[in-house]
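Scroll down for the structure; my scribbles are underneath it.
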Amino acid sequence: MKIVMGTDLEGVSGVTSFEDETYPTGKYYEKVKHLLTAEINAAVEGLLEGGATEILVVDGHGPGAVIFEELHPAAKLLHGRPFPPKIFSCDLFRDYDLCMMLGQHAMAGTQDGTLSHTQSSREVDYYKLNGRFIGEIAQFALGFGAMGIPLFFLTGDDAACREAQELIPGLSTVSVKKGLSRTSAISLSPEAARQKIRKGARDALRQQAASPIKPLVWPGPFVLEKRFFYSSSADRYDAVPYATRIDSQIVQLKGESILDLIYA
């Protein structure tokens, strides 16, 4: 059983600040990278106990946040920026069976979502796909779903888990903190979070074997609408042939394949 693990930093237990913890200039950025890597390793242990044979960790936090030297020896790491263009279309993931997300946050605008945002906390107001608000969970699940790879497990805060379960009923999740606002939460201790993640990953993989969750697939064609805080962010789409400028802050991208749009 070959598994892709997409990671982020904002949904890790103990993390509540963009400026101090998740931006690379933050005074605690290096510290919280250790917290993320330890949660990854806990998930790897659980997956191995559940029967995984290969695990590819995708460092999904913008500037990178996985400490390579501390990574579990059974895991491989996809890292570095930028990723290959149209990464979903280059057959990199075609041999994998399942995907999961670790350290995930809720979409932009989620009131009780700690560090909620979609792609860029500094630029993006919202994303809509065919009229429905989406965040990074839907992007990941739909991208892999189009390749026949189901999202079967997710960790993060309460709001991220709720968003994932609404998107994919029956999905296994583990919450490591309860958001009180966008910048405050009640977090589990690091050790408690890791134990919960290890058990959750093991149990989710066994549950997937017994009662499989199907890949997330939505019918096309697709219209992905992005609203930015500033017009300058939308300017870069003026030369994109499949993008339409709706107003100074909104662009719409249209296409038949979700793989061409979801991370465009």
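Residues considered: 264, 201. Of these, the only one that is of a type in the set (Gly, Ala, Ser) and touching a residue at least 60 places away in the same chain (Cβ under 8 Å) is 201.
Yes/no matrix, rows are residues, columns are (1) over 12 Å from residue 100 (Cβ atoms); (2) within 15 Å of the chain's Cα centre (by Cα):
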{"residue": "27", "(1), (2)": "yes, no"}
{"residue": "36", "(1), (2)": "yes, yes"}
{"residue": "49", "(1), (2)": "yes, no"}
{"residue": "56", "(1), (2)": "no, yes"}
{"residue": "61", "(1), (2)": "yes, yes"}
{"residue": "77", "(1), (2)": "yes, no"}
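Remark: pairs (first residue in the stretch 29-57, at pLDDT 95 or above and among the charged types (D, E, K, R); second residue in a loop (DSSP other than H, G, I, E, B) and buried (at least 20 other Cβ atoms within 10 Å of the Cβ); Cβ separation under 6 Å; 6+ apart in sequence or on different chains) = 33/65; 39/12. Looking at the stretch 154-242, the strands (runs of 3 or more DSSP E) lying wholly inside it that each contain 3 or more residues that are at pLDDT 95 or above, crowded, with 18+ Cβ neighbours inside 10 Å and among the hydrophobic types (A, V, I, L, M, F, W, C) sit at 222-228. Is it the case that residue 15 is part of a loop (DSSP other than H, G, I, E, B) and buried (at least 22 other Cβ atoms within 10 Å of the Cβ)? So residue 15 fits the description; yes. When each of 215, 221, 241 is tested for being under 18 Å from the mean Cα position of the chain (by Cα) and within 27 Å of residue 128 (Cβ to Cβ), the lone residue that passes is 215.
For residue 96, indicate whether it is among the hydroxyl-bearing types (Ser, Thr, Tyr), in contact with a Lys or Arg (Cβ under 8 Å, 6 or more places away or on another chain) and at pLDDT 95 or above. Reasoning before the result, please.
Values: among the hydroxyl-bearing types (Ser, Thr, Tyr): yes; in contact with a Lys or Arg (Cβ under 8 Å, 6 or more places away or on another chain): yes; at pLDDT 95 or above: yes.
Yes; evaluated as a whole, the condition is true for this residue.
Could you identify the single residue in 54, 45 that is surrounded by 13 or more Cβ atoms within 10 Å (Cβ to Cβ) and under 15 Å from residue 153 (Cβ atoms)? Outline the logic, then answer.
Details: 54 fails: under 15 Å from residue 153 (Cβ atoms).
Selected residue: 45, the only one of 54, 45 that is surrounded by 13 or more Cβ atoms within 10 Å (Cβ to Cβ) and under 15 Å from residue 153 (Cβ atoms).
Under the condition of being of a type in the set (A, V, I, L, M, F, W, C) and touching a Leu at 6+ places or on another chain (Cβ under 8 Å), the residues counted in the stretch 79-91 number 1.
The values are calculated or read from the model by the stated rules, or taken from the named source; none is laboratory data. In this text, all values refer to a predicted model and were calculated from it rather than measured experimentally. Note that each Cβ is placed from the backbone with ideal geometry, even for glycine, and that neighbours are counted across all protein chains shown.
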